[in-house]
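The values are calculated or read from the model by the stated rules, or taken from the named source; none is laboratory data. No experiment lies behind these values; they were computed from the predicted model shown. Positions of Cβ are backbone-derived with ideal geometry, glycine not excepted, and every protein chain shown enters the neighbour counts.
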Amino acid sequence: MKRLLERWLPAYAILYVIFLYLPVLLLPVFSINASAVPKFPLTGYTLKWYEELPRTQALLDAAWNSLVVGVASAMLATVLGICAARAITRYRFPGRGTAHGLIMAPLVLPEIIVAVSMLLVLLRLGLSLSLFTVVLGHILICIPYSVSVLTAAFEGFDASLEEASADLGETAWGTFRRVTLPMVAPAIISSLLVSFTISLDDFIIAFFLGGTDATLPIYIWGQLRFAAKLPSVLALGTLLLVGSFALLTIAEILRRRAERRTQAPGVSLA
Amino acid sequence: MTAAAEGEIAYRKARPGSKPLLQSETARGLALVSPPLLYALVLLVVPILVVIAHSFWTQNYLTIDRTFTLEQYRIALTEPIYRDLLLRSLFISFSVSVLTVALAYPIAYYISFRGGRYKSLWLFLITIPFWTSYLLRVMSWKVILGYNGVLNSGLLGLGIIDEPSTALLYNSSAVIITLTHAWAAFAILPIFVSLEKVDRTLIEAATDLGDGPIRSFLRVTLPLSMPGVISALLIVMIPTVGDYVTPKLVGGKDGVMISNAIQAQFGKALNWPLGAALSVTTMVVVTAMAAASVLLLKLAARRAR
């Protein structure tokens, strides 16, 4: 039995990773395939699907919208995330658990419920749907991720450093700015990158709250109706894949650096 | 430097009145947590309450009639179309969560117990696909499972089948496969975290006292990792019940889920109260199913010991 386990477990792990990666790796493969229909055998190498991309104005507009929404959502979610993570790890106050639960709630709610509820309120208030309302929604769904990345960093933080700073006459704000903040800076950058990636990837919120303003996933959704557009979508998907991979690698390196700096072993979602 | 220092002194001098309040642990904590908490209250709790309110109203074209009624719930629960969609969504999210957790457990176990110094590399490897565009991963499965798709053309090329199979795409199984793939990381991480907390000496003790590997796993490792299994189950089950993209892209006619109906009520059909009632029903029913699953799992874990 033990032998069997020793032999099969690694094999299973490798098969599982293949299962995880196969669908993702098909995107780049078919994005450089000459045939417009994604099927085997491959018909030849081409870059024509990529060449089409920068000439499509709707795509460029959507990419710009996604960038604006992503940057705004990431920054605001991280600021709110810092407040939440700091309050939860550093202070004891009544209702702390409830507050934490509420802030993390979007993580365990069906996203469509979050989107529909916000949509209903916005429509009842007579607000028009735009990129601004998408940002409002994205902040809400990014905060839980930001909080979990930052809580790990704040938890591993040695409180005696702050006490030392206070003893040496620094104000609370001064201590935070000159001791705490630099220590958790890598986690903050990690939170920004993770939030940006979530915003960039989100479809449901943008679909319900975006009105006529399209972000990249909305643009892609529109293109999926036309079979002939599929290869360009795959090319675009490959570029997004490479982009997210780069951002997340940076986020992970920074998170590990933060972990080493604050000496906190642990796992975060990033 | 000096300007900043002077500014700080001035600031400190100007503040003594407010100091006692700010020094209180409770007040500071509350002050700090209030911006994100208010945000969640205003943009999540209030909207959900508004949805609940709407579910008890009715709509005539563009005007909302605010007389209390359970009519929407009657429609949501008894109209065959909505009842079927709800049952199918529950079936799909249940299958997906059980399947995802069952597939994820061995890999989490492998990383935790055999990962050695490559643990974080393994975890990174597993989370990467999860961060790539959700829409495109679903799209990818459509490409794999389609009539002219990768699987069909591959099987044809190998001579295993004579003509492309239509049974792969546009049904509930296609939705289940796609979602199982999409939520893998969400199941692996919590199970891994709880396995990491398992005290290895307890397993040694069980072995020393004569338990074989299976018995020590069932009586020590599995019960101790149950919190991770439960949170993995919940974190997959609850969100997947409301998935919109997957049924729309790979579900076809036989894979439509409740979210597609909810979207229709808020979009084309323009019946907010019914859409609201469907949303509330979905939330309540999935919570009940999740609670029942957790209870069952806990009972099973106790029996296994």
#### Entry: Single residue of segment B:77-100 satisfying the filter (more than 11 Å from chain A (Cβ to nearest Cβ) and of a type in the set (Ser, Thr, Tyr)) that is nearest to residue A:14 (Cα to Cα)
B:100
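Run down B:103, B:145 and say which single residue is buried (at least 22 other Cβ atoms within 10 Å of the Cβ), touching a residue at least 60 places away in the same chain (Cβ under 8 Å) and either closer than 29 Å to residue A:38 by Cα or within 12 Å of another protein chain (Cβ to nearest Cβ) (or both). Please lay out each step first, then the result.
Numbers: B:103 fails: buried (at least 22 other Cβ atoms within 10 Å of the Cβ).
B:145 is the lone residue from the list that is buried (at least 22 other Cβ atoms within 10 Å of the Cβ), touching a residue at least 60 places away in the same chain (Cβ under 8 Å) and either closer than 29 Å to residue A:38 by Cα or within 12 Å of another protein chain (Cβ to nearest Cβ) (or both).
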### Task
Quick one: residue B:74 ticks every box in (1) more than 9 Å from chain A (Cβ to nearest Cβ); (2) more than 16 Å from residue B:271 (Cβ to Cβ); (3) among the charged types (D, E, K, R) except a single one, so which number is it?
(2)
#### Entry: Qualifying residue in segment A:117-124 (condition: under 17 Å from the mean Cα position of the chain (by Cα), in a helix (DSSP H, G or I) and of a type in the set (Gly, Ala, Ser))
no
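Residues that are in contact with a Phe, Trp or Tyr (Cβ under 6 Å, 6 or more places away or on another chain), at least 1 per element: which helices (runs of 4 or more DSSP H) completely within segment A:8-116 meet that? Break it down stepwise before answering.
Values: elements: A:48-52, A:57-90, A:96-104.
It comes to A:57-90.
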### Message
Just checking, does segment A:136-153 include any residue being within 10 Å of chain B (Cβ to nearest Cβ) and not in a helix (DSSP H, G or I)?
### Response
no
### Query
Of B:155, B:123, B:195, which residue is modelled with pLDDT under 90 and either more than 8 Å from chain A (Cβ to nearest Cβ) or closer than 25 Å to residue A:233 by Cα (or both)?
B:155
### Message
For segment A:47-98, give me each residue that is in contact with an Asp or Glu (Cβ under 7 Å, 6 or more places away or on another chain) and among the polar types (S, T, N, Q).
### Response
A:65, A:89
### Message
If I filter segment B:27-38 down to residues being within 7 Å of another protein chain (Cβ to nearest Cβ) and surrounded by fewer than 21 Cβ atoms within 10 Å (Cβ to Cβ), which single residue comes out as modelled with the lowest pLDDT?
### Response
B:28
